[in-house]
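The values are calculated or read from the model by the stated rules, or taken from the named source; none is laboratory data. Predicted, not measured: the structure shown is a model, and the values here were computed from it. Positions of Cβ are generated from backbone atoms using ideal geometry, with glycine treated the same way; all protein chains shown enter the neighbour counts.
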Amino acid sequence: MNFPTDLKYAKSDEWIRVEGDTATVGISDFAQNELSDVVYVDMPSVGDAFTAGQSFGSVESVKAASEIYLPVAGTVTAVNDALATKPELINQDPYGEGWIAKIKVTDAGALADLMAAAAYQAYCEERKH
Amino acid sequence: MLEPLIYDYSRPGRQGISLPEPDVPETALPADLLRTDLDLPEVDQLTVIRHYTRLSQLNFSIDTRMYPLGSCTMKYNPRLNEDTARLPGFALSHPMQDPDTAQGNLELMYQLQEWLKEIGGFAGVSLQPAAGAHGELTGVLMMRAYHRDRGDLKRTKVLIPNSAHGTNPATASMAGLEVVELPSDARGNIDLAALKAVCDDTVVGLMITNPNTLGLFEEHIEEVVQTVHACGGLIYGDGANMNAIVGVVRPGDLGFDVLHYNLHKTFSTPHGGGGPGSGPVGVSARLADFLPGPVVGLLEPGQGGRPPHYGFVTPPKSIGRMKSFWGNFGMLVRAYTYMRVHGASGLRGNSENAVLNANYLLSKLRAHYHIPYDRVCKHEFVMEGVWPEVPGVHALDISKRLMDYSFHPPTNYFPLIVHEALMIEPTETESRETLDVFADVLIKIAEEAHTQPELLQTAPHTAPIARLDEVSAAKQLVLCCRPIPAWAEAR
């Protein structure tokens, strides 16, 4: 399982890549593996604003529908339209082509609560028993 | 063998029935309403009978095999219920006839309201909701109305544990309220510290299932109720798991303000395809005025030789109707029958046996499957359908393999807080012999998982249709059989 070190991870299994005051968000390799085949992604609209930890959409697989939470406060600047027809991109490339939204970070305060790759990997191991 | 579609039997001009000549004058239909392209099958009567009989034989039902679907309480639907529901006085009554000419029906509904009040420890009951989730919506709308009526407009949050049925947050959202998820503690209870941290004057109430979807009784239920009440919130009880506690604990006595019953679970009316359902709600005194109306009231008690007089009454602050007419009346007759047959001690006995059966299975399976929240359960329990040494086998594979042994799979992947969850509810109506066979089969499947994992991964092998491609099924919906889209035909 893949845990890129340039990302930060939330307890609810989203990753975030911060570049200046913008960021890209998706769900982790662990999360896509747990969900199994993703069949639908409910995405926010460009311009929607969310607080840190607020649900900004959901990912649906043959097993479950799961809310996705924005790791930091922000306003959506782009969504990954490719997921509408190819939700499997989340399974195939969760950190690349399977990104879900890009945001303008409005409050980076919550960044400090997120995990680095090693800590997140340990957190995933722990949950497998 | 797969049964063809009824259209595949169709031959031009073939008829199943000869209609008699009309005995009323014929009128020409308006030309613009006539169509020539109506695609209906043309089939003889015997072919129709055989087609649908064969389809019915492909059904899996509680009448054919054990159905251990957690939180669904797939218990036996007694045949006596069907007899009483077909009595002409019930079956032939019309929802729009004068209630004075249907006093027997009203008396049955009144008595059922009274019994559900007694069983739940409630001040009032409405029989209107058509099923469980409908009862939930009814309950949450009453909670919302209660706060508004007091002029308390800042309450917008509904607290819901992470072990809850998915219908709970859906209900709260549908009522326009905001969902706040509560974590569970290591023993499967609501995390009390987390609950205390979110309880304030913006809380509408807590939606709780007790026993919860892990099949576990909340060990701090009194403290949970006190904490929510202390901040002015109400307690909504999801009665899906009521079959564990009838005659043992009354939710009203615990401080619940509203609870829905599932007559199609706890009180033996058909569930799943055999419905419709029925989800009456019971409420505490402070919510009684908000019940959806009308409910049945005793207008005049009987006196001397004169029978009592029943009528429909609407509570003063009613949230209004939740359903046209009088609820799913046929189900009310069946539930009434069940309650009359068993009586108070019998209903308690059924709950005790439901709990006994679940613990019997749990004790047999504990050595073979990991039980993440392992303590004495109520009517159901949740185990993990995965072993670290065979990571390629999943809960779904175990479920599919169970079909080869003629058992319905348990609930899969729910509750969400258990990894690869298998949620098993045997109910009280399975015999010890059936439980033994079921446990033996699950133990055998656990062995197979270790010795021949591919046997599970490719199951089912004996069902009419092999493993379905669930991903394609979810992505490429075929919602109409005629005409069949070319890409589907190609498969």
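Would you tally the residues in the range A:55-69 being under 14 Å from the mean Cα position of the chain (by Cα), at the interface with another protein chain (Cβ under 10 Å from one of its Cβ atoms) and of a type in the set (S, T, N, Q)?
2
Across the range B:158-171, what is the total count of residues that are more than 13 Å from chain A (Cβ to nearest Cβ) and outside any loop (DSSP other than H, G, I, E, B)?
Of the residues in the range B:158-171, 5 are more than 13 Å from chain A (Cβ to nearest Cβ) and outside any loop (DSSP other than H, G, I, E, B).
For the range B:407-443, which positions are modelled with pLDDT of 95 or more, within 14 Å of another protein chain (Cβ to nearest Cβ), in a strand (DSSP E or B) and in contact with a helix residue (DSSP H, G or I) (Cβ under 7 Å, 6 or more places away or on another chain)?
The answer is B:Ala421, B:Leu422.
If a residue counts only when it is modelled with pLDDT under 95, which strands (runs of 3 or more DSSP E) contained entirely in the range A:43-104 have at least 1 such residues?
Qualifying strands (runs of 3 or more DSSP E): A:55-61, A:65-69.
If I ask for residues that are more than 14 Å from chain A (Cβ to nearest Cβ) and not in a helix (DSSP H, G or I), which ones from the range B:140-157 would you list?
Residues satisfying the conditions are B:Arg150, B:Gly151, B:Asp152, B:Leu153, B:Lys154, B:Arg155, B:Thr156.
Would you please name the residue that is farthest from B:Gly239 (Cα to Cα), looking only at residues in the range B:263-286 that are buried (at least 24 other Cβ atoms within 10 Å of the Cβ) and aliphatic (A, V, I, L, M)?
B:Val283
Out of the residues in the range A:1-22 meeting the condition of being assigned to a strand (DSSP E or B) and within 11 Å of the chain's Cα centre (by Cα), tell me which one is farthest from the other protein chains (Cβ to nearest Cβ). Break it down into steps so the answer makes sense when it comes.
Taking the range A:1-22 and keeping what is assigned to a strand (DSSP E or B), we get A:8-9, A:14-19, A:22.
Filter once more, so that each one left must be within 11 Å of the chain's Cα centre (by Cα): A:8-9, A:14-17.
Working: A:Lys8: 22, A:Tyr9: 18, A:Glu14: 15, A:Trp15: 20, A:Ile16: 21, A:Arg17: 26 Å.
Result: A:Arg17.
Can you tell me which residue is modelled with the lowest pLDDT among those in the range A:23-38 that are within 14 Å of chain B (Cβ to nearest Cβ) and in a loop (DSSP other than H, G, I, E, B)? Give the steps one after another, and end with the answer.
Filtering the range A:23-38 down to residues within 14 Å of chain B (Cβ to nearest Cβ) leaves A:30-38.
Still in the running and in a loop (DSSP other than H, G, I, E, B): A:36-37.
Details: A:Ser36: 90, A:Asp37: 93.
The qualifying residue modelled with the lowest pLDDT is A:Ser36.
Quick grid of which residues meet (1) touching a residue at least 40 places away in the same chain (Cβ under 8 Å); (2) surrounded by 16 or more Cβ atoms within 10 Å (Cβ to Cβ); (3) in contact with a Phe, Trp or Tyr (Cβ under 9 Å, 6 or more places away or on another chain):
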residue	(1), (2), (3)
B:Met403	yes, yes, yes
B:His408	yes, yes, yes
B:Tyr413	no, yes, no
B:Ile424	yes, yes, yes
B:Thr429	yes, yes, yes
B:Arg432	yes, no, yes
B:Ala439	yes, yes, yes
B:His450	yes, no, yes
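Suppose the filter is without any contact (Cβ under 8 Å) to a residue 60 or more places away in the chain and within 14 Å of another protein chain (Cβ to nearest Cβ); does A:Val41 pass it?
yes
Of all residues in the range B:365-399, how many are free of Cβ contacts under 8 Å to residues at least 24 places away in the same chain, within 13 Å of chain A (Cβ to nearest Cβ) and surrounded by fewer than 16 Cβ atoms within 10 Å (Cβ to Cβ)? Before the answer, list the steps.
Here is the first cut: in the range B:365-399, the ones free of Cβ contacts under 8 Å to residues at least 24 places away in the same chain are B:366-367, B:370-371, B:374, B:376, B:388, B:391, B:396, B:399.
Imposing the further condition that a residue be within 13 Å of chain A (Cβ to nearest Cβ) reduces the set to B:370-371, B:388, B:391, B:396, B:399.
Going one step further and asking which of them are surrounded by fewer than 16 Cβ atoms within 10 Å (Cβ to Cβ), we end up with B:388, B:391.
Summing the residues that are free of Cβ contacts under 8 Å to residues at least 24 places away in the same chain, within 13 Å of chain A (Cβ to nearest Cβ) and surrounded by fewer than 16 Cβ atoms within 10 Å (Cβ to Cβ) in the range B:365-399 gives 2.
Write out, first by first residue and then by second, each pair whose Cβ atoms fall under 6 Å of each other, whose residues are 6+ apart or on separate chains, and whose first residue, in the range B:63-91, is under 22 Å from B:Thr167 (Cβ atoms) while the second is crowded, with 17+ Cβ neighbours inside 10 Å and of a type in the set (Phe, Trp, Tyr).
Going by the 6 Å Cβ cut-off, the qualifying pairs are B:Met74/B:Tyr67.
Determine whether the range B:214-222 contains at least one residue that is more than 20 Å from B:Thr411 (Cα to Cα) and aromatic (Phe, Trp, Tyr).
no
Checking B:Gly252 against (1) under 17 Å from B:Ser126 (Cβ atoms); (2) surrounded by fewer than 24 Cβ atoms within 10 Å (Cβ to Cβ); (3) out of contact with any strand residue (DSSP E or B) (no Cβ under 9 Å at 6 or more places or on another chain), which test does it fail?
Here B:Gly252 meets the rest and fails (3).
Go through the range B:172-190 and give me each residue that's in contact with a Ser or Thr (Cβ under 6 Å, 6 or more places away or on another chain) and either in the same structural domain as B:Pro372 (by TED's automatic domain parsing) or among the charged types (D, E, K, R) (or both).
Result: B:Glu178, single match.
Which of (1) surrounded by fewer than 20 Cβ atoms within 10 Å (Cβ to Cβ); (2) farther than 29 Å from B:Glu380 by Cα is the odd one out, the single condition B:Asn105 does not satisfy?
(1)
Out of all the residues in the range B:253-273, which are touching a Leu at 6+ places or on another chain (Cβ under 8 Å) and over 21 Å from B:Tyr67 (Cβ atoms)?
Result: B:Asp257, B:Val258.
Which pairs do you get when a residue that is closer than 27 Å to B:Gln45 by Cβ, found in the range B:19-35, comes within reach of a residue that is among the small types (Gly, Ala, Ser), reach meaning Cβ atoms under 8 angstrom, with the pair 6+ apart or on two chains?
Matching pairs, first to second residue: none at all.
Can you name every residue in the range B:382-400 that is within 23 Å of B:Tyr360 (Cα to Cα) and under 25 Å from the mean Cα position of the chain (by Cα)?
The answer is B:Val382, B:Met383, B:Glu384, B:Gly385, B:Ala395, B:Ile398, B:Ser399.
If a residue has to be closer than 20 Å to A:Ala65 by Cα, at pLDDT 95 or above and surrounded by fewer than 19 Cβ atoms within 10 Å (Cβ to Cβ) to count, how many in the range B:153-168 make the cut?
0
Working only within the range A:89-129, note down all residues that are without any contact (Cβ under 8 Å) to a residue 60 or more places away in the chain, touching a strand residue (DSSP E or B) at 6+ places or on another chain (Cβ under 6 Å) and either within 14 Å of chain B (Cβ to nearest Cβ) or farther than 16 Å from A:Arg17 by Cα (or both).
The answer is A:Asn91, and nothing else.
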